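The values are calculated or read from the model by the stated rules, or taken from the named source; none is laboratory data. Since we're looking at a predicted model, the values are computed, not measured. Cβ coordinates were reconstructed from backbone atoms using ideal geometry, including for glycine residues, and neighbour counts include every protein chain displayed. Calculation scope for accessible area: heavy atoms of the full protein, side chains included, ligands and nucleic acids excluded. Shrake-Rupley method; radii C 1.70, N 1.55, O 1.52, S 1.80 Å.
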Amino acid sequence: MKKQIQYLMLAVALLLPQMASAQDETIVFTPQWTAQAQFAGYYVAEAKGFYRKAGVNVRIEHPTSTQPAMSRLRKNVCQATTLQLCQALEIIDAGTPLVNILQTSMNNAMVIVSARNRNPLKHKGARVGIWSVGFGQLAICMSQKEHLDYEWIRFAQNINLFVAGALDAMLAMSYNEYYQLVQAGVVMTEDNVYRFCDHGYNVQEDGLYMLRDFYEEHPALAKKFAQASRQGWEWAARHPKETLDIVMQYVEKNRIPTNRVIQELMLKDVLRMQVDRESKRREFRLRPDMVRKACKLMRENHMLKREVTYNELISEK
């Protein structure tokens, strides 16, 4: 009996480092929004076992109204999230150091859709819908630069105010609300749709971020997570139909009110936005020139107190 206890204690002692290592290799990832094709590559990486093969345990937990993604990150409820570049600049400027470990968006997807076939740039003082959770920094910069004097009306996540005629225009993502408006019967023309990427505002959007403190404590873990996530996105680009099946599993599991047609259109547009306009390739990198452009625009419009540099955002300093 004594020998059995000794063997048991020895086995536990041998297992403890492995258990601790497994715990250390866990990342809770919270994307900035509810389940949808915008995050398809991460779903693929989990579903196809890319994270597991890389030696990292990843749990994907979406935000809630009471626990938004950035709040979860600050409280260490999660260790990684997605952010648009302009958001990341604001957060760093406010005193929370972040690291971009993977950049998925190479182009800007934001548009303004105006009602009654009216050019948004010729509609001064218009009532324009803007997301209550953020994402509208470039639109505010543009409206101030063009002296449009927009009246910004906050909305949560749907198109109802615009469709009901309560707004003159609204901000939309080309992969999301734009297609919701099309499904609702809104006619899109060259006159009533303003695409920021075509007018000098092509600033990258979604990237994968961690708090710098966490990154510096776990650089190898962060690298494995980023590489497996990139593998997920690359697989998604090669297998869009199977990827859509995976996306819909997440949508249904999280009871998101959407449909397969919208998610298919979203996936196609998100993948298109990942191809750099100049190189025509999926580069998965943060571009220094776009960081400078975003910072310049935001500083000119008093959204940043100081210049946030490219070196502050990247993993290697």
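Restricting to segment 58-103, name every residue that is open to solvent by 10 Å² or more (accessible area, probe 1.4 Å), at pLDDT 95 or above and among the hydroxyl-bearing types (Ser, Thr, Tyr).
Residue satisfying the conditions is Thr96 alone.
Quick check, is Phe284 at pLDDT 95 or above, in a loop (DSSP other than H, G, I, E, B) and not polar (S, T, N, Q)? Break it down stepwise before answering.
Details: at pLDDT 95 or above: yes; in a loop (DSSP other than H, G, I, E, B): yes; not polar (S, T, N, Q): yes.
For Phe284, the condition - at pLDDT 95 or above, in a loop (DSSP other than H, G, I, E, B) and not polar (S, T, N, Q) - is met.
Failed condition for Gly49, given (1) surrounded by fewer than 24 Cβ atoms within 10 Å (Cβ to Cβ); (2) modelled with pLDDT under 95, with all others met?
So Gly49 meets the others, but not (2).
Does Met142 satisfy being assigned to a helix (DSSP H, G or I) and not β-branched (Val, Ile, Thr)?
Yes; evaluated as a whole, the condition is true for this residue.
With Gln204, Gln183 as the choices, which residue is in contact (Cβ under 8 Å) with a residue 60 or more places away in the chain and surrounded by fewer than 20 Cβ atoms within 10 Å (Cβ to Cβ)?
Gln183
I want to confirm something. Restricting to segment 133-176 and keeping residues that are among the acidic types (Asp, Glu) and surrounded by fewer than 19 Cβ atoms within 10 Å (Cβ to Cβ), which single residue is farthest from Val270 (Cα to Cα)?
Asp149
Give the residue, chosen from Asn76, Asn108, Asn117, that is farther than 23 Å from Met142 by Cβ and polar (S, T, N, Q).
Details: Asn108 fails: farther than 23 Å from Met142 by Cβ; Asn117 fails: farther than 23 Å from Met142 by Cβ.
It is Asn76.
List the pairs whose first member sits in segment 257-278 and is under 11 Å from Tyr179 (Cα atoms), whose second member is open to solvent by 40 Å² or more (accessible area, probe 1.4 Å), and whose Cβ atoms are under 6 Å apart, counting only residues at least 6 apart or on separate chains?
Ile262/Tyr179; Leu265/Tyr179
Filter segment 176-200 down to the residues that are among the aromatic types (Phe, Trp, Tyr) and farther than 14 Å from Ile159 by Cβ and list them by number.
Step one: of segment 176-200, the residues among the aromatic types (Phe, Trp, Tyr) are 178-179, 194, 196.
Listed by number, the residues that qualify are Tyr194, Phe196.
Any idea how many residues of segment 111-132 are open to solvent by 80 Å² or more (accessible area, probe 1.4 Å) and within 25 Å of Glu300 (Cα to Cα)?
3
From the set of residues in segment 61-80 that are free of Cβ contacts under 8 Å to residues at least 40 places away in the same chain and of a type in the set (A, V, I, L, M), which is farthest from Glu252 (Cα to Cα)?
Filtering first and then ranking leaves Met70.
Just need a number here: residues in segment 108-124 that are in a loop (DSSP other than H, G, I, E, B) and modelled with pLDDT of 90 or more.
Residues flagged as in a loop (DSSP other than H, G, I, E, B) and modelled with pLDDT of 90 or more within segment 108-124 amount to 2.
Can you tell me which residue within segment 279-310, out of those that are free of Cβ contacts under 8 Å to residues at least 24 places away in the same chain and open to solvent by less than 90 Å² (accessible area, probe 1.4 Å), is farthest from the chain's Cα centre (by Cα)?
Only one residue tops the list, namely Ser279.
Just to confirm my filter: which helices (runs of 4 or more DSSP H) fall fully inside segment 196-257 and include at least 3 residues that are in contact with a helix residue (DSSP H, G or I) (Cβ under 7 Å, 6 or more places away or on another chain)? Even if it seems obvious, please write down each step before you answer.
On the way: elements: 212-217, 219-238, 240-253.
Hits in segment 196-257: 219-238, 240-253.
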